[in-house]
1. Consider Pro126 against the criteria (1) under 19 Å from His39 (Cβ atoms); (2) surrounded by 16 or more Cβ atoms within 10 Å (Cβ to Cβ): it satisfies all of them except one. Which criterion is unmet?
2. Return yes when Leu243 is more than 22 Å from Val147 (Cβ to Cβ) and open to solvent by 50 Å² or more (accessible area, probe 1.4 Å) and no when it is not.
3. Which of the residues belonging to the stretch 129-169 are part of a strand (DSSP E or B), touching a Leu at 6+ places or on another chain (Cβ under 8 Å) and open to solvent by 10 Å² or more (accessible area, probe 1.4 Å)?
4. Could you tell me which of the residues Ala71, Ala80 is part of a loop (DSSP other than H, G, I, E, B), open to solvent by 20 Å² or more (accessible area, probe 1.4 Å) and aliphatic (A, V, I, L, M)?
5. Within the stretch 83-101, work out how many residues are among the aromatic types (Phe, Trp, Tyr) and either open to solvent by less than 10 Å² (accessible area, probe 1.4 Å) or at pLDDT below 95 (or both).
6. Of the residues that make up the stretch 20-34, is at least one among the charged types (D, E, K, R), in contact (Cβ under 8 Å) with a residue 60 or more places away in the chain, closer than 18 Å to Ala226 by Cα and open to solvent by 30 Å² or more (accessible area, probe 1.4 Å)?
7. Considering each residue of the stretch 5-44, count those that are farther than 19 Å from Ala102 by Cβ, of a type outside the set (A, V, I, L, M, F, W, C) and in contact with a Lys or Arg (Cβ under 8 Å, 6 or more places away or on another chain), and give that number.
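The values are calculated or read from the model by the stated rules, or taken from the named source; none is laboratory data. Nothing here was measured: the structure is a model prediction, and the numbers come from that model. Neighbour counts are summed over all protein chains in view; Cβ atoms, including those assigned to glycine, are modelled from backbone coordinates with ideal geometry. Heavy atoms of the whole protein, side chains included, go into the accessibility calculation; ligands, DNA and RNA do not. Shrake-Rupley method; radii C 1.70, N 1.55, O 1.52, S 1.80 Å.
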Amino acid sequence: FDSKGRLYLFHREKQPILCFDRHGKFIRSWGDNLIGKAHGLRVDRHDNIWVTDIGHHMVFQFSPQGKLLLALGQSDKPGAGDDQFDRPTDIAFGSKGEIYVADGYGNSRIVKFDRQGKFLTTWGRPGRSRGEFDTPHTIRVDSKGRVIVGDRENKRVQVFDADGKLLEIWPGFSPYGLAFDTNGVLFVADGVDHKILQLDTSGNVVGSWGRKGKAPGEFDLPHMLAADAAGNLYIAEIGGMRLQKLKRKK
């Protein structure tokens, strides 16, 4: 969601980036002949749209109207260089506009850039030890500046400072997607147990919704999620091939 309440949805068909108003009315779409295979989408504080393309190994920044503003990576040239990715999965932003990319499927690392896209640092490698990753699939930055990484196949979240120093590990679930609501509450899409989880600031599960299925309120591989200004959750399902809205309880 952007600051005007517009919803952006990233999917793996023609016109991969879709924009809707707050009532679900279609506004615009774009991305053909540029996006190879859709994965993660985020909106920054300036309402620019960022996506990760696991088909071409790229990260793109667009204006709200769909104009390409920045491209990071080398198209169709996967690698571990400072200007390369290998199937990047998600993007997050620091308080000063820093860009964090979860270079998740191929390299299992985090790459940090400044707001202009200049490489700053990287950390992580494939593995199961502390600070290592097995598919860092989703990434967020909290109000304290902590970099929260969903280490999917290791079934844990790892928490770092802005320079990659490991602070905490939260085990016990499979984080496919992470999202904060407007109150700073963290939610997890657990794609293995087909549930949405609510975590406290120490990584403890304090709420859980759903089970595997196709009925309303059930999930079939929840992949990514987002919250609107009212605190409602929207969950994109890979298996279910749909978007569900969970209304916030008052």
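1. (2)
2. So Leu243 fits the description; yes.
3. Arg140
4. Working: Ala71 fails: part of a loop (DSSP other than H, G, I, E, B).
From the options Ala71, Ala80, the qualifying one is Ala80.
5. 2
6. Checking the stretch 20-34: at least one residue is among the charged types (D, E, K, R), in contact (Cβ under 8 Å) with a residue 60 or more places away in the chain, closer than 18 Å to Ala226 by Cα and open to solvent by 30 Å² or more (accessible area, probe 1.4 Å).
7. Of the residues in that region, 5 qualify.
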